[in-house]
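Some notes on the structure that comes next.
The values are calculated or read from the model by the stated rules, or taken from the named source; none is laboratory data. Predicted model, so just to flag it, every value in this text is computed and none were measured. For neighbour counting, all protein chains shown are included, and Cβ atoms are generated from backbone atoms with ideal geometry for every residue, glycine included.
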Amino acid sequence: MDRSLKAMSLLLSYPTEELQHAMPEIAGVLASDSRLTTAARRALRPLVETLQSGDIYEVQETYVALFDRSRSLSLNLFEHVHGESRDRGGAMVNLVEMYRAGGFDPVTSELPDHLPVLLEFLAMRPIADVQDTLADAAHILAALQTRLERRESPYGAVFAALLQIADARVDAGAVEQLLELPDDDPEDLEALDAVWEESEVTFGPDPNGGCPQVRDMLSQMDTPVTPAPGTPAQAAE
């Protein structure tokens, strides 16, 4: 198992007291990962220290404000592609099938496209598959890193570390395209409404690269499905 990916999956999960107790071990795993630069390992320390020593209710509130109340920082990957469209259901089914084919049956209340769940799955895969899969979503990871750094959040360091493990060239144009979308403030309800109405964005830039199962899954996310006549989506229009 790739212990660093498992550790990053935990860092991006909802904080609990159990996670706080595990932070010394998680810190040790990340500190010993030679794939990360010294600067990247050092950048992870503030988050590790906050999660380990911070008031549990405060770190939970911070997590919810960042990742649950802000669509632009959503950890549910299909959210950045399909939003609430019907495509998302089919994509979820395909993702669950991919997990099961890999012998992975996540026991969690989170959706299958939740990034920590995907990282837990990738922790069981060969490094080539890991890098190809992360490379497919590299521009999204980079955009999330930038948004978090703009908010001076220590969580940004996790995305920087994932990009180092991916060892892929990030499409700067694709990152800029994502960053052009409004960075919603969870305290601004009108801004949140505007962001939820924005156009879908796609994974990329290369749908033909990466782990075959994940590649097929990602390539299907580029083509939205038009709702059938009479569906609630059309009725709303």
Of all residues in the range 51-82, how many are at pLDDT 95 or above, more than 21 Å from E149 (Cβ to Cβ) and in a helix (DSSP H, G or I)? 5
Just give me the residues in the range 137-187 being touching a Phe, Trp or Tyr at 6+ places or on another chain (Cβ under 6 Å), in contact (Cβ under 8 Å) with a residue 60 or more places away in the chain and not hydrophobic (A, V, I, L, M, F, W, C), in sequence order. none
F159 - would you say it is under 14 Å from the mean Cα position of the chain (by Cα) and of a type in the set (F, W, Y)? yes
Given the conditions (1) surrounded by 21 or more Cβ atoms within 10 Å (Cβ to Cβ); (2) over 21 Å from R35 (Cα atoms); (3) of a type outside the set (V, I, T); (4) modelled with pLDDT of 90 or more, every one holds for R151 apart from (1)
Given the conditions (1) buried (at least 19 other Cβ atoms within 10 Å of the Cβ); (2) without any contact (Cβ under 8 Å) to a residue 24 or more places away in the chain; (3) in a helix (DSSP H, G or I), which single one is not true for L95? (2)
Please count how many residues of the range 98-149 are touching a Lys or Arg at 6+ places or on another chain (Cβ under 9 Å), among the small types (G, A, S) and in a helix (DSSP H, G or I). 2
Contacts under 7 angstrom Cβ, first residue in the range 55-72 being under 15 Å from L11 (Cα atoms), partner acidic (D, E) and part of a helix (DSSP H, G or I), 6 or more apart: I56/E17
Hey, can you tell me all the residues within the range 96-142 that are among the acidic types (D, E), out of contact with any Cys (no Cβ under 8 Å at 6 or more places or on another chain) and under 17 Å from S9 (Cα atoms)? D105, E110, D113, E120
